[in-house]
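Please see the structure below; I have some questions.
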Amino acid sequence: MADVFVSYTRTDAVAAKVIADALSAHGLIVFYDANIPTGDVWDERIEHEAKSAKAIAVLWSKTSRTREWVRNEARVGKDKGILFPARLDDCEVPIEFTHIQTANLIGMPTVAVTAFCDGIRKKLNDAQAGTAPSQNLRNEQLSPPWSNQLEEELARTRGAHCKFNTSKLHPELVAASEAARRAELSAIGARYHALHCYDRAETSAKKARAGDTKDGIIQLHDGDLFEGDNPGGRGLFLKMTGFGIRTTSADGPHRGDRYVGQFLNGRASGAGVYAYGRNANNRNTLRYEGEFALDKKSGVGFYFWRNGDRYAGTFADDVVSGPGVHLFADGRRQEGYALDWFADGHGIEWAADGTVLRAGIWSRNRMIKPLTTT
């Protein structure tokens with residue numbers, strides 16, 4: 001049985017795969033018809049998966065809204081109260097589904113896709129009575145001092161946006177800058193929620209050490225140590241769900257690393273802080289504060305280097321990927337898109353005083369095509 005059934009039409013297959021992959025990266029089991037093994041009876045398998053799924057994500061487009069089978073699959077989700085609709089273009093949502101809030105995924109921006117997947121994951125986690133707390137705490141009230149610091153950081157960042165003026169840039173660069181700045185603001189929110197989760201995880205670990213949580217301290221096979229919540233699930237990793245701390249083995253290749261935050265089935269999933277030790281696998285990284293899925297950085301967050309550089313933006317599959325902002329220790333600022341840690345796509349590099357140093361299209365940290373200002 002799948003967690004999420006993705007309903008779409010063939011003309012939207014590329015978008016469907018992106019969303020299916022993103023949902024999988026968030027730790028969810030996904031079914032969409034590209035997964036049907038050869039030999040299965042197509043319509044029977046589709047009906048079974050749609051009726052047994054915990055959530056149905058329907059992708060509305062000008063084509064899919066005209067397909068009866070897409071509407072039928074959406075009705076299953078609506079009738080069960082598990083429908084998560086999204087628009088891929090400027091189509092009209094069928095009238096019987098207009099009362100359900102529909103996500104805007106036009107253009108498939110990374111931040112919007114991540115938010116859509118986070119929303120589904122949160123609903124599914126909240127539906128599991130007696131298991132983990134919500135894996136996405138963005139709507140939860142922050143505890144002091146994080147709430148005040150979040151507002152101060154957001155205000156400072158919006159002020160910096162005025163200093164780095166995009167009014168004379170090429171329109172394509174303006175769009176890239178806006179996407180990067182939205183990701184930066186989202187990363188700031190995720191950072192402070194991660195710090196909030198850090199506090200809650202420390203509290204859970206203290207309870208485990210005091211013996212207040214049954215089996216709250218678990219020595220793992222690789223020598224790592226978990227301290228925190230234990231909802232009593234079957235199996236070793238199902239017990240590691242909620243808030244807690246995982247400290248790496250002193251004898252392992254990642255010695256000195258420490259994750260403090262949310263867990264789901266033994267893996268960092270939700271929000272938290274990963275502090276990197278000095279070891280063979282790490283020389284320059286200090287820590288990451290933000291969102292995780294299946295032990296990987298996924299969503300938005302802040303990444304800190306030991307030399308004072310910082311990155312605020314989107315991550316996918318444990319690497320910088322998508323829109324974001326690189327803040328250099330010397331005051332330079334780079335806004336735009338990245339792929340696998342490298343500046344890749346439209347981007348702008350600013351000097352500390354707000355003047356543009358380089359602006360154009362980048363590939364693996366090299367600008368390959370300058371774009372003139374207006």
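The values are calculated or read from the model by the stated rules, or taken from the named source; none is laboratory data. The shown structure was predicted, so the numbers you read here are calculated from the model rather than taken from an experiment. Here the Cβ positions follow ideal geometry from the backbone for every residue, glycine too, while neighbour counts run over all protein chains shown.
Are there any pairs, at least 6 apart or on different chains, whose C-beta atoms fall under 8 Å, with the first in region 171-192 and over 20 Å from Gly270 (Cβ atoms) and the second of a type in the set (Ser, Thr, Tyr) and modelled with pLDDT of 85 or more, and if so, which?
Pairs found: Leu173/Thr166; Val174/Thr166; Ala176/Tyr337; Ser177/Thr166; Glu178/Thr166; Ala179/Tyr337; Ala180/Tyr337.
Here is a further query. Can you pull out the residues in region 269-294 that are surrounded by 24 or more Cβ atoms within 10 Å (Cβ to Cβ) and small (Gly, Ala, Ser)?
Within region 269-294, Ser269, Gly270, Ala271, Gly272, Gly290, Ala293 qualify.
What are the residue pairs meeting all of these: first residue in region 302-314, first residue under 26 Å from Ala112 (Cβ atoms), second residue of a type in the set (A, V, I, L, M) and outside any strand (DSSP E or B), Cβ atoms under 6 Å, and 6 or more apart or on different chains?
Phe302/Ala187; Ala312/Ala187; Gly313/Ala183; Gly313/Ala187; Thr314/Ala183
Return the total of residues in region 186-219 being assigned to a loop (DSSP other than H, G, I, E, B) and either hydrophobic (A, V, I, L, M, F, W, C) or surrounded by fewer than 17 Cβ atoms within 10 Å (Cβ to Cβ) (or both).
5
Now, a different point. Does region 335-363 hold any residues that are under 14 Å from Ser177 (Cβ atoms), of a type in the set (D, E, K, R) and surrounded by fewer than 24 Cβ atoms within 10 Å (Cβ to Cβ), and which are they?
Glu349, Arg358
Is there any pair with a first residue in region 246-264 that is within 27 Å of Asp118 (Cα to Cα) and a second that is modelled with pLDDT of 90 or more and among the charged types (D, E, K, R) whose Cβ atoms are under 7 Å apart and which are 6 or more apart or on different chains, and what are they?
Going by the 7 Å Cβ cut-off, the qualifying pairs are Thr247/Arg258; Tyr259/Arg246; Val260/Glu202.
Which members of region 88-97 meet the condition of being outside any helix (DSSP H, G or I) and buried (at least 18 other Cβ atoms within 10 Å of the Cβ)?
Within region 88-97, just Leu88 meets the criteria.
Which residue, of Val58, Val76, Val93, Val113, is among the β-branched types (Val, Ile, Thr), touching a strand residue (DSSP E or B) at 6+ places or on another chain (Cβ under 8 Å) and touching a residue at least 40 places away in the same chain (Cβ under 8 Å)?
Val58 is the lone residue from the list that is among the β-branched types (Val, Ile, Thr), touching a strand residue (DSSP E or B) at 6+ places or on another chain (Cβ under 8 Å) and touching a residue at least 40 places away in the same chain (Cβ under 8 Å).
Next up: Name the single residue that is surrounded by the most Cβ atoms within 10 Å (Cβ to Cβ) among those in region 159-185 being of a type in the set (D, E, K, R) and farther than 14 Å from Gly354 by Cα.
The qualifying residue surrounded by the most Cβ atoms within 10 Å (Cβ to Cβ) is Glu184.
What number of residues in region 259-286 are of a type in the set (Lys, Arg) and within 20 Å of the chain's Cα centre (by Cα)?
Number satisfying all stated conditions: 1.
Name every residue in region 45-79 that is under 14 Å from Val93 (Cβ atoms) and assigned to a helix (DSSP H, G or I), in order of residue number.
Residues satisfying the conditions are Ser64, Arg65, Thr66, Val70, Arg71, Ala74, Arg75, Gly77, Lys78.
State the number of residues belonging to region 245-287 that are on the phi < 0 side of the Ramachandran plot, among the small types (Gly, Ala, Ser), modelled with pLDDT under 85 and in contact with a helix residue (DSSP H, G or I) (Cβ under 9 Å, 6 or more places away or on another chain).
Count: 0.
Looking for something more than 27 Å from Ser321 (Cβ to Cβ), surrounded by 14 or more Cβ atoms within 10 Å (Cβ to Cβ) and at pLDDT 80 or above - is there at least one such residue anywhere in region 106-120?
no
Next question, about the same structure. Give the number of residues within region 339-374 that are assigned to a loop (DSSP other than H, G, I, E, B) and either among the aliphatic types (A, V, I, L, M) or touching a His at 6+ places or on another chain (Cβ under 6 Å) (or both).
Residues flagged as assigned to a loop (DSSP other than H, G, I, E, B) and either among the aliphatic types (A, V, I, L, M) or touching a His at 6+ places or on another chain (Cβ under 6 Å) (or both) within region 339-374 amount to 3.
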